[in-house]
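The values are calculated or read from the model by the stated rules, or taken from the named source; none is laboratory data. This is a predicted model, so every value here is computed, not measured. Cβ sites come from the backbone with ideal geometry, for glycine too, and all protein chains shown count toward neighbours. The accessibility values were calculated without ligands, DNA or RNA, using every heavy atom of the protein model including side chains. Shrake-Rupley method; radii C 1.70, N 1.55, O 1.52, S 1.80 Å.
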Amino acid sequence: MSFTYSPLPSHAILTRLDELTDVLIDCVEGGASVSFMLPLSREQAAGFWQQVALDVAASSRTLLVCEDAQGRIGGTVQLVTGQPDNQPHRADVSKLLVHRRARRQGIAQALMEQLEEAARAAGKTLLVLDTATGSGAETFYRQAGWQLCGDIPGYALMPDGKPCGTTIFYKAL
């Protein structure tokens with residue numbers, strides 16, 4: 001299957017709110033520890049994307065999406081470039097989400113490659129992210145060449161309420 005990858009401007013985030021909401025809810029229902037608890041309502045998920053649209057409009061965040069051949073959003077990732085004055089060289093990676101129907105097709109890897117290109121274009125030389133310890137995402141980041149900083153036990157909760165650790169990674173560009 002062929003996919004296209006591109007940044008989504010703020011106005012397009014709002015027009016595609018239902019699709020983005022579906023991706024977020026699917027990931028949370030699938031057990032992804034991405035800041036939300038079960039049950040995640042459509043209103044709460046849509047509110048999240050509305051805030052992302054505001055951040056994109058303010059140029060403090062970039063949202064990259066993957067679309068399939070039918071134009072459906074199958075995955076997203078965010079580059080948070082709005083950093084303190086003493087950290088203009090770095091950005092945070094946030095919410096790498098791939099809908100369960102679109103997994104195992106290289107989408108996460110391609111989104112991260114696009115994110116790194118966007119970071120370089122924005123003058124960023126250091127990326128930082130965190131993920132649930134012991135998750136498939138942790139394995140993915142290790143295999144993708146991210147450097148382990150360490151783990152924080154009991155840092156967050158999984159969507160079902162169980163405690164989980166957080167693993168912090170960085171990547172120099």
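Report whether or not Asp92 is in contact with a strand residue (DSSP E or B) (Cβ under 8 Å, 6 or more places away or on another chain) and either more than 24 Å from Phe169 (Cα to Cα) or among the aliphatic types (A, V, I, L, M) (or both). Taking the combined requirement at face value, the residue does not satisfy it. Scanning the stretch 115-169 for residues that are open to solvent by less than 70 Å² (accessible area, probe 1.4 Å), among the aliphatic types (A, V, I, L, M), farther than 17 Å from Leu96 by Cβ and in contact (Cβ under 8 Å) with a residue 60 or more places away in the chain yields one hit, Ala122. Which residues, taken from the stretch 99-109, are open to solvent by 20 Å² or more (accessible area, probe 1.4 Å) and in contact with a Gly (Cβ under 9 Å, 6 or more places away or on another chain)? Once the filter is applied, which keeps residues that are open to solvent by 20 Å² or more (accessible area, probe 1.4 Å) and in contact with a Gly (Cβ under 9 Å, 6 or more places away or on another chain), the stretch 99-109 yields His99, Arg100, Arg101, Arg103, Gln105, Ala108. Inspect all residues belonging to the stretch 102-125 and state whether any of them is over 30 Å from Arg16 (Cα atoms) and touching a helix residue (DSSP H, G or I) at 6+ places or on another chain (Cβ under 9 Å). Within the stretch 102-125, one or more residues are over 30 Å from Arg16 (Cα atoms) and touching a helix residue (DSSP H, G or I) at 6+ places or on another chain (Cβ under 9 Å). Arg90 - would you say it is touching an Asp or Glu at 6+ places or on another chain (Cβ under 8 Å), modelled with pLDDT of 95 or more and closer than 27 Å to Phe140 by Cα? No; evaluated as a whole, the condition is false for this residue.
Residue-wise test of (1) of a type in the set (Phe, Trp, Tyr); (2) open to solvent by 30 Å² or more (accessible area, probe 1.4 Å); (3) modelled with pLDDT under 95; (4) touching a Pro at 6+ places or on another chain (Cβ under 6 Å).
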| position | (1), (2), (3), (4) |
| --- | --- |
| Asp18 | no, yes, no, no |
| Asp26 | no, no, no, no |
| Ser33 | no, yes, no, no |
| Met37 | no, yes, no, yes |
| Leu40 | no, no, no, no |
| Val52 | no, no, no, no |
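Is at least one residue of the stretch 36-54 acidic (Asp, Glu) and over 27 Å from Gly123 (Cβ atoms)? Taking every residue of the stretch 36-54 in turn, at least one turns out to be acidic (Asp, Glu) and over 27 Å from Gly123 (Cβ atoms).
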